[in-house]
1. For segment 243-269, enumerate the residues that are under 19 Å from S137 (Cα atoms) and of a type outside the set (A, V, I, L, M).
2. Filter segment 18-32 down to residues that are under 19 Å from the mean Cα position of the chain (by Cα) and at pLDDT below 95 and give me whichever is surrounded by the fewest Cβ atoms within 10 Å (Cβ to Cβ).
3. Among the residues of segment 244-260, are any more than 30 Å from V5 (Cα to Cα), exposed (fewer than 15 other Cβ atoms within 10 Å of the Cβ), among the acidic types (D, E) and touching a residue at least 40 places away in the same chain (Cβ under 8 Å)?
4. I91 - would you say it is closer than 23 Å to Q19 by Cβ, touching a His at 6+ places or on another chain (Cβ under 9 Å), modelled with pLDDT of 95 or more and not acidic (D, E)?
5. Restricted to segment 215-240, and to residues that are among the β-branched types (V, I, T) and in contact (Cβ under 8 Å) with a residue 24 or more places away in the chain, which residue is surrounded by the fewest Cβ atoms within 10 Å (Cβ to Cβ)?
6. Which residues, counting only those in segment 114-134, are modelled with pLDDT under 95 and within 18 Å of G77 (Cβ to Cβ)?
Amino acid sequence: MTTLVLGAAGFIGSAVMNQLISRDGNAAIGFVRTENAAEQLSRYGIATAIGDINDSASLRGAMSQASTVICCVSYVGDDEQQCVHVNQHGIRNVASVAAAVGVERLLYVSTAAVYGPGPFRDLPVDGAPLKPHSPASRTRALAEKFVRDAGGLVIRPHLVYGTGDRWFLPTLTRIVSRLDSIIDDGNAVLSVVDVDLLARSIHALSTEQQFRYGSTLHVNEPAPRTVIDVLEHHARETNWTLPQNSIPRADAVNVAAQLGLDMHQIDMISLDHWFRSRLY
């Protein structure tokens with residue numbers, strides 16, 4: 001069995017590649033956009049293909065070599081045009097080409113942000129209507145449908161941390177530092193997952209005897225963690241200083257508005273976001 005990983009040089013994609021190449025009997029190909037990324041992977045003896053998910057020819061050439069495709073490509077910024085280009089048009093092309101070349105198993109790494117701001121507690125898959133607020137989450141919700149319609153499996157982690165994290169913990173600590181306070185004693189509960197645990201789950205799902213065609217799964221650590229637990233652990237592991245002040249959420253919202261902080265990110269760290277999950 002040969003597995004193609006789209007976005008193999010990215011945060012989640014590189015962790016998935018590490019899982020694949022560490023296991024005997026797995027043949028893996030990393031699909032990347034640049035020669036430099038291909039050279040980096042090649043140093044570890046990883047086969048690569050260079051292309052773009054919006055380029056059908058390069059995608060078809062890579063997919064024709066694989067029975068399983070794991071798509072870890074996403075754009076999570078605020079540029080709506082890029083969100084549409086990558087998350088909507090690109091993933092639609094991935095699903096279309098996978099179906100055309102006869103890929104046996106297609107997996108797509110999405111996000112629980114497609115549900116919207118919350119609060120959520122022990123939410124099962126599709127336990128609430130999707131209400132994505134940002135361009136990134138709106139286009140990723142559309143991408144999910146393309147993948148499921150093609151018989152693929154959608155994986156929804158919530159907040160992913162670990163080596164290479166440039167979004168979750170950096171954003172969390174930046175906001176807390178700007179506020180010089182935690183919110184409501186850091187009691188909000190969050191579903192989180194270490195990137196290596198997520199990668200192991202993705203590998204396990206890709207090789208299950210009974211593949212979950214056309215389905216969606218949450219994949220996070222089994223129990224949620226409080227914001228204060230996440231922050232205290234980060235402070236112990238780094239030189240970051242955890243503020244000792246705590247303010248109510250209502251005050252945090254007012255201060256955040258004055259500081260020009262993103263209200264969706266305030267919601268992320270002050271409202272419960274707990275998703276019922278299965279972790280392998």
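1. Answer for segment 243-269, where residues must be under 19 Å from S137 (Cα atoms) and of a type outside the set (A, V, I, L, M): D262, H264, Q265, D267.
2. So, considering only residues that are under 19 Å from the mean Cα position of the chain (by Cα) and at pLDDT below 95, the one surrounded by the fewest Cβ atoms within 10 Å (Cβ to Cβ) is N18.
3. So far as segment 244-260 goes, no, none of its residues is more than 30 Å from V5 (Cα to Cα), exposed (fewer than 15 other Cβ atoms within 10 Å of the Cβ), among the acidic types (D, E) and touching a residue at least 40 places away in the same chain (Cβ under 8 Å).
4. no
5. Step by step, filter segment 215-240, then rank; the result is T226.
6. Passing the criteria: P132, H133, S134.
Matching residues to (1) small (G, A, S); (2) touching a Ser or Thr at 6+ places or on another chain (Cβ under 7 Å):
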residue	(1), (2)
R43	no, no
T48	no, yes
I53	no, no
S58	yes, no
V73	no, no
G77	yes, no
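Condition check ((1) crowded, with 18+ Cβ neighbours inside 10 Å; (2) among the small types (G, A, S); (3) more than 22 Å from E80 (Cβ to Cβ)) across all residues:
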site	(1), (2), (3)
A113	yes, yes, no
R138	yes, no, no
V160	yes, no, yes
L172	yes, no, yes
V176	yes, no, yes
I183	yes, no, yes
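The values are calculated or read from the model by the stated rules, or taken from the named source; none is laboratory data. All figures in this text were calculated on a predicted structure; none of them were measured in a lab. When we count neighbours, we look across all protein chains shown, and the Cβ atoms used for this are built from the backbone with ideal geometry, even at glycine.
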